[in-house]
Amino acid sequence: MRCENLWVADKWVDFELLDCSGGMKLERWGQYMLVRPDPQVIWDTPKEHPGWNGFDALYERSHSGGGQWQRGNTPERWQINYNGLTPSTKLSFNVNLMNFKHTGVFPEQAANWEYLSEKISQAGREIKVLNLFAYTGGATLAAVAAGASVCHVDAARGMVARARENAKLSDLHDKPVRWIVDDCAGFVEREIRRGRKYDALIMDPPSYGRGPSGEIWKLEDNLHCFLELCSCVLSDNPLFVLINSYTAGLSQGTLTYITQSVLGGHAESQEIGLLVSSSGLTLPCGASCRWEQSKR
């Protein structure tokens, strides 16, 4: 859905962005209210929502870097559901308070789950999806629920394990998914040598990281070359390519230019966002690029 030139995830029931001010977000995750920092929240509006004084957990940043959760009555783990794809589709996720303020789910990505679900379900053919930097599996679950087969790749063994748990919670554990723990670039290189092809490509690469041999990954410097590499595993009739970025210095226009320069076709990029219940405004939460062979 479009709102204020953003792709907005506005069909959640178990998640709600209640308010945001002073560098912090007040969110409802199921029955629990969390307060977390967000660098996009540079305004200082009145914190009138009662949840600011009655939250269940708060992530506090440390002056020396990092931070930690201050817990109230939250359990170690609980579940939320997303019912915004089709009336018969329910995606379920485990939520817990992780390092670096994370919970295991990026709720704004539901805007992209809706896009890829529609594309796959309306394709009228078998679709093979490669999901790189696939984290805890939101896009993977949306794709297999729509009828695709998916190769899910992430370098973090714990994240792949969480994704498999979410597939089981969503009653999708028997769907055609290859769960791969591997460096994404190395895996793609081996898939090229094996001659494997995919009809759709999803990637959510980190802003910064290190490869298996200690090489530095910086999204602004490496995305173009990485996309060129990944283009070699696209089939002759690709359905879509979806690239997500949380890198502040990588604009929507840059994402579009890189993608079209490598793949041709038509690319469109927008910020993705979440509605703020208290204000009716939309909080931007990163950018996404959606590529197709031709403009719809």
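Dividing the Cα convex hull volume of segment 108-151 by residue count, how many Å³ per residue is that?
Measuring per residue, one finds 56 Å³ for the Cα hull of segment 108-151.
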For segment 1-74, what D do you get in µm² per second when you plug the Kirkwood radius from alpha-carbon pairs into Stokes-Einstein at 20 °C and 1.002 mPa s? 158
If one takes the longest principal axis of the Cα atoms in the chain, at what angle in degrees, from 0 to 90 and to the nearest 10, does the Cα axis of helix 252-263 lie? 20
What is the helix-to-structure angle for 219-231, meaning the angle in degrees between its Cα long axis and the longest Cα principal axis of the chain, kept from 0 to 90 and rounded to the nearest 10? 40
Per the helix-only model, the chain has a calculated mean residue ellipticity at 222 nm (DSSP H runs of ≥4, -39500 (n - 2.57) each, divided over all residues, rounded to the nearest 500) of -7000 deg cm²/dmol
Calculated from the structure, Kirkwood radius over Cα pairs in Å equals which of [x] 19.2; [y] 19.8; [z] 22.3? [y]
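Taking the Cβ-Cβ separation of GLN68 and ASP38 as r and a Förster radius of 25 Å, what is the calculated FRET efficiency to the nearest 0.05? Working shown, then result.
Details: r = 17 Å, r/R0 = 0.68.
So, using R0 = 25 Å, E works out to roughly 0.90.
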Given the Cα-Cα distance of GLU126 and GLU292 and 0.36 nm per residue of separation, how much length would full extension add, in nm? 58.1 nm
For the chain: lysine pairs with Cα atoms under 20 Å, gap of 8 or more or different chains, count? 15
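No value in this document is a laboratory result; all are computed from the given coordinates. As the structure is a prediction and not an experimental result, all values here were calculated from the model. So basically every Cβ, Gly included, is an ideal-geometry build from the backbone, and we count neighbours across all protein chains shown.
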